[in-house]
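Asks: Quick one: the structure is below, questions incoming.
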Amino acid sequence: MSFAMRMNFVDVIVDDSFKNYYVNNEKMGYQFDIRLSYYRGHFLTVIDEFAVKVDDLEVPNERIKFCINGKEFSPVEFDKCYTEFWQVIEPATIRVCYPGGLPEGEHKIDVTLMFRSPYMPIGPNHQYMPVDSSGSKTLTITN
């Protein structure tokens, strides 16, 4: 992709949302919230690229759950999520399966989120305006 529209309405990564999560009192991974840095919501099917890095290490898609509307999706399922709408004011929770969780302290989080705006055609053959809603932030995790 050679160009993309960028609108910084909010920080993509939500402050004070970074924590380890537990299942049956066992630390199974970590999670944080993200927001769509755009002026309107979109269906998950318009997400063309989604990736997470923590401390400069790429998180495999199979370890990521995108949690919204009381449901969890793998990033590889986005193209099938025609009815899942991400409201612009609602954060999504990114949950990463990482048994044992992360150690306390600061961690750098990078989220790559590229989507196409389905109401902004820019060319033939169903080409639509790409939008960059990526973000980076260093947050502190405590247990």
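The values are calculated or read from the model by the stated rules, or taken from the named source; none is laboratory data. Just so we're clear, the structure is a prediction, and the values are computed from it rather than from any experiment. Here the Cβ is made from the backbone with ideal geometry for all residues, glycine too, and neighbour counts use every protein chain on show. Calculation scope for accessible area: heavy atoms of the full protein, side chains included, ligands and nucleic acids excluded. Shrake-Rupley method; radii C 1.70, N 1.55, O 1.52, S 1.80 Å.
Asks: Residues of the range 18-63 being within 10 Å of the chain's Cα centre (by Cα), of a type in the set (A, V, I, L, M) and either over 28 Å from Q127 (Cα atoms) or outside any strand (DSSP E or B) (or both), which ones?
Replies: Result: L36, single match.
Asks: Also: Restricted to the range 28-60, and to residues that are under 17 Å from M114 (Cβ atoms) and surrounded by fewer than 14 Cβ atoms within 10 Å (Cβ to Cβ), which residue is modelled with the highest pLDDT?
Replies: Checking each candidate, the answer is E58.
Asks: Any idea which residue in the range 125-143 is modelled with the highest pLDDT, counting only those that are within 17 Å of N20 (Cβ to Cβ) and assigned to a loop (DSSP other than H, G, I, E, B)?
Replies: My answer is T142.
Asks: Applying the selection to the range 96-122, what residues are part of a strand (DSSP E or B) and at positive phi?
Replies: Correct list: G105 only.
Asks: Given the conditions (1) aliphatic (A, V, I, L, M); (2) touching a Lys or Arg at 6+ places or on another chain (Cβ under 6 Å); (3) over 25 Å from Y119 (Cβ atoms), and given that V10 satisfies all but one, which numbered condition is not satisfied?
Replies: Only one criterion is unmet by V10, namely (3).
Asks: Does T112 count as open to solvent by 50 Å² or more (accessible area, probe 1.4 Å), among the hydroxyl-bearing types (S, T, Y) and in contact with a strand residue (DSSP E or B) (Cβ under 9 Å, 6 or more places away or on another chain)?
Replies: In short, no.
Asks: Looking only at the range 64-85, count how many residues are outside any strand (DSSP E or B) and touching a residue at least 40 places away in the same chain (Cβ under 8 Å).
Replies: First, the residues of the range 64-85 that are outside any strand (DSSP E or B): 69-70, 74-84.
If we keep only those that are touching a residue at least 40 places away in the same chain (Cβ under 8 Å) as well, we get 83-84.
Total meeting the criteria: 2.
Asks: Consider only pairs whose beta carbons are under 6 Å apart and that are at least six residues apart or on different chains; among these, list those whose first residue lies in the range 121-136 and is of a type in the set (D, E) and whose second residue is open to solvent by 70 Å² or more (accessible area, probe 1.4 Å) and part of a strand (DSSP E or B).
Replies: D132/R6
Asks: Turning to a different aspect of this structure: How about the range 10-27: which of its residues are without any contact (Cβ under 8 Å) to a residue 40 or more places away in the chain and crowded, with 17+ Cβ neighbours inside 10 Å?
Replies: V10
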